Amino acid sequence: MINKQGFTNGIIAAVVLLILSALLMGVQLANEGTGLVVKLKHAESLTLIAVGAVIVFLFQLFRQPIMGTIGMAKGALPAMPVLPDLKQNPKLKNLLMAFGLAALLIWPFTASRGAIDLATLTLIYIMLGLGLNIVVGLAGLLDLGYVGFYAVGAYTYALLSSYFGLSFWVCLPIAGLMAAFFGFILGFPVLRLRGDYLAIVTLGFGEIIRIMLNNMTELTGGPNGISQIAKPTLFGLEFNRKLKEGGDGLFHEFFGLAYSGTYKVIFLYILAVLLVVLTLFVINRLLRMPIGRAWEALREDEIACRSLGLNPTVIKLTAFTIGAAFAGFAGSFFAARQGFISPESFIFIESAIILAIVVLGGMGSQLGIILAAIVMTVLPELAREFQEYRMLMFGLLMVFMMIWRPQGLLPMKRPHMEMRSQ
Amino acid sequence: MSNPLLKASGLSMRFGGLLAVDDVALTIDEKQIVSVIGPNGAGKTTVFNCLTGFYKPTSGEIFYKDKPIHGLPGHKISRLGIVRTFQHVRLFKEMTVIENLLVAQHRHLKTGLLAGLFKTPGYRRAEAEGIERAAHWLERVNLLEFANREAGNLAYGQQRRLEIARCMVASPELLMLDEPAAGLNPNETDELNELIVSLRDIDGISILLIEHDMKLVMDISDKIFVVNQGQPLADGTPTEIVNNPEVIKAYLGEE
Ligand SMILES: Nc1ncnc2c1ncn2[C@@H]1O[C@H](COP(=O)(O)OP(=O)(O)OP(=O)(O)O)[C@@H](O)[C@H]1O
Ligand SMILES: [Mg+2]
């Protein structure tokens, strides 16, 4: 069981760990008189380092049996449940979807305010995941700056609302169009690039948008952001306690109810559900449209596409633009729900989380993305105590997924077009 | 006499130190089957790539229906009516047969976003027409029963036929086939022979063919161009070519 190679590996790994961690954790700079001196840290961290080195050594030594056990554990994990084939049974599918939607709409009246709030946040991420999925999963373009379009949508609503007093409902389509426009002009020059190059350039664009928002202090308030953004209204009815100047009416007064903040939370939640349903509808149509087929064809063989007269740049640009539009919708809803936005909300890590949702869900798969979005937003809330280890758990989850299910939770099954015999 | 459908002259393509195509001239008339033959590595595929915009020729001019097309990108040339296959099968393997044929009709279908989202009558009509055209061509190449199969699961010979059908739904006036008979058995080659002839005689299109199968080439060609080491060696009718001493020398080597 113990072989010579394991022993050498163990020694090397332990020594490397000792050197690295001794430098990183074991010593400390201190002021002494006028100069800096290197001091040893207290004994505790030294013990920790020693224990770490021993563990690493032992792991390398017994590497084979350990990995074997992990492999067996992997085999013992439950296989993913097989969903009943709903394609053969469209009636059942419609019925299930209607029930699901009804349950989603009734649920908030029985749930706590915090739970509803969390659900709304999850819905925003579902929308972002579905939007990015068009770009990454369907068109096969790695976009690391997706959060930039989310920011464009959010700021479009925040600015139009605070400068011109435009309502959420007017701004929602404008925000989508604005983000789409940004997607178009950014996509135009960069979509000639492939793979890694595209990823890097889009990452840059995401950062540029954020930094611009940060620096255009006069317009956007810079790092202070924009606050007191108006909430969405229901046919002009506001959800506040007191009517704002020039407001049409109050929700609770109109319906003769006592004021409660919960109404607003439920209203936002229902709005988010409807937006997600709309997104799902649009994407499902797109998949069955010529453009959806062209995305897949382009992913499979770009050269064949060109020989058939398809213009790859235009087709990629469509995906980029449509994907950006959904980020715009999500952004304006986010701004309306939050009431306050600043460039801080649109840092790179958001792009990473959205991309993780797409990859975790199984590129291209919509149900998978919904599941993944729930995992990525609800789990951190449940494990509040482990807040500091959030990124660590995030990494562990990714590693675990790569071993267990590299194709994602629910890999994509594209609706195939069938020809019925006449 | 009417002008040729396609006319290329002085076509050269250089890859670094290698002059893969050297001063090749080519004319294709309407409703003709024209073949390009030559030993391996002669530069036949490179000529194809230049004509269809996949390579930018180092020098030379190409006129299609009297309009210059050299320098245009591949998808634009395809839209003008020159559609090609590749030496290796390039189907969309994970898509179904019928979907392959619909992708090829992309520009004939209604691609407006709103039309598709709301399934307007115009959109439905265009889609129905697309499926009908696809069905017609599947029938022509004898693949109708496989319409809903994944293209990658078809037998090799079927894949090659599907490639031709996929070109044809894009309604080309000049079809360019790069070694369509490679890897086919004699039966399948005979079917291919009939199919290509029918494309000329029934559909009235021209075909430019690269092929190593001499029986097929001699059977169906109206005109043959021979290239050797990038240079044009001879051109003429099949009878002229088989009797040309230069060609015999290039193919059989000097005694
Ligand atoms: N992209 C390229 N870069 C460099 N050299 C190339 C390229 N394409 C082709 N060549 C070279 O050009 C020459 C002609 O190749 P080509 O593929 O046109 O030959 P061919 O006549 O089609 O041969 P075959 O009958 O084997 O298909 C070969 O020597 C090949 O190596
Ligand atoms: Mg070749």
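Each value in this text was obtained by applying a stated rule to the coordinates, not by laboratory testing. Fair warning: this is a prediction, and the values are worked out from it, not measured in the lab. As a convention, Cβ positions derive from the backbone with ideal geometry for all residues, glycine included, and neighbour counts pool all protein chains shown.
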Mean Cβ-within-10 Å packing, highest first, puts peptides B:26-32, A:397-403 in the order B:26-32, A:397-403
Do you know the relative contact order of segment B:93-170, to the nearest whole percent, from alpha carbon pairs under 8 angstrom that are 6+ apart?
-> 49
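Within 10 Å of each Cβ in B:73-81, how many Cβ atoms from other chains are there, averaged over the peptide? Can you show the working numbers first?
Numbers: counts 4, 9, 10, 3, 3, 7, 4, 1, 1.
Mean partner shielding for this stretch: 5.
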Report, as an integer, the average count of C-beta atoms from other chains found within 10 Å of each Cβ along A:282-292.
-> 4
Under the Karplus relation with 6.51, -1.76 and 1.60 and θ = phi - 60°, whole-Hz ³J(HN,Hα) for segment B:80-97, x at Gly and Pro, equal 6, x, 10, 10, 10, 10, 10, 4, 9, 4, 10, 7, 7, 5, 8, 9, 6, 4
Interchain or sequence-distant (5+) residues whose placed amide H lies within less than 5 Å of the amide H of B:L5 are B:I28, B:D29, B:E30
Between B:D201 and B:S171, what length in nm is gained on full extension when 0.36 nm per residue of separation is reduced by their alpha carbon distance?
-> 9.3 nm
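Mean separation of Cα pairs under 8 Å and 6+ residues apart, divided by the residue count of segment B:3-72: what relative contact order is that in percent?
39
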Given Cβ charges of +1 for Lys and Arg and -1 for Asp and Glu, the option among A:G35, B:N243, B:L144 whose Cα lies farthest towards the positive end of the dipole of the protein assembly as shown is A:G35
Can you list the HN-Hα couplings for segment B:121-137, worked out from phi with the Karplus curve (6.51, -1.76, 1.60; θ = phi - 60°), rounded to whole Hz and with x for Gly and Pro?
-> x, x, 5, 4, 5, 4, 5, 4, 5, x, 5, 5, 4, 4, 4, 4, 6
FRET efficiency for A:L397 and A:F348, using Cβ-Cβ distance with R0 set to 22 Å, rounded to 0.05 = 0.70
Over segment A:91-404, equivalent-ellipsoid semi-axes from the Cα gyration tensor in Å = 32, 23, 21
Stretch gain in nm, segment B:E30-B:N3, where the contour uses 0.36 nm per residue and the Cα spacing is subtracted = 8.8 nm
Taking the C-alpha atoms of the protein assembly as shown, how large are the radius of gyration and the largest Cα-Cα span, Dmax, in Å?
-> 32.1, 107
Percent of alpha-carbon pairs separated by more than 21 Å within segment B:93-170 = 27
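How shielded is B:9-17 by partner chains, expressed as the average number of their Cβ atoms within 10 Å of its Cβ atoms? Present the calculation step by step, with values, prior to reporting the outcome.
Working: counts 0, 0, 0, 0, 0, 0, 0, 0, 0.
Mean partner-chain Cβ count within 10 Å for B:9-17: 0.
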Out of residues 5 or more away from B:N228 or on other chains, whose amide H comes under 5 Å of its own, with H placed 1.01 Å from N in the peptide plane?
-> B:L233
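So for segment A:91-404, if I pair up every lysine 8 or more residues apart or on another chain, how many of those pairs have alpha-carbons under 20 Å apart? Don't skip to the end; give the middle numbers.
Working: A:K231/A:K242; A:K231/A:K244; A:K231/A:K264; A:K242/A:K264; A:K244/A:K264.
Lysine pair count for segment A:91-404: 5.
For the protein assembly as shown, what is the calculated [θ] at 222 nm in deg cm²/dmol (nearest 500), taking -39500 (n - 2.57) for each run of four or more DSSP H residues and dividing by its residue count?
Details: 27 runs with 375 residues, N = 677.
Dividing the helical sum by the residues of the protein assembly as shown leaves -18000 deg cm²/dmol.
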Largest to smallest principal axis extent of the C-alpha atoms in segment B:173-255, angstrom | 42, 27, 22
Residues in segment A:276-301 reached by a label modelled at A:L105 [backbone nitrogen below 18 Å; 7 Å Cα→Cβ] = A:276-282
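What size of dipole, in debye to the nearest 20, comes out for the protein assembly as shown about its Cα centre when the only charges are +1 on Lys and Arg C-beta atoms and -1 on Asp and Glu C-beta atoms? Please list the in-between numbers first.
On the way: 57 positive and 55 negative charges, 430 e Å.
It works out to roughly 2060 debye.
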Approximate spin-label separation B:L18-B:S59, in nm, with each point projected 7 Å along Cα-to-Cβ = 2.1
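Can you give me the relative contact order of segment A:349-396 as a percent, contacts being Cα pairs under 8 Å and 6 or more apart?
Details: 22 pairs, mean separation 10.8, N = 48.
The value is 23 percent.
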Can you work out the FRET efficiency for the pair B:Q87 and A:N3, with r the C-beta to C-beta distance and R0 = 41 Å, to the nearest 0.05?
-> 0.25
Karplus (6.51, -1.76, 1.60) ³J(HN,Hα), θ = phi - 60°, over segment B:21-31, in Hz, Gly and Pro reported as x | 10, 10, 6, 8, 10, 8, 10, 10, 8, 5, 6
Spin-label point model (7 Å from Cα, Cβ direction): what's the A:R194 to B:N185 distance in nm?
-> 3.7
Against the rule of thumb 2.2 N^0.38 Å, how large the Cα Rg of chain B comes out | 1.06
Distance between modelled label sites at A:E44 and A:E388, nm, 7 Å Cα→Cβ extension | 1.0
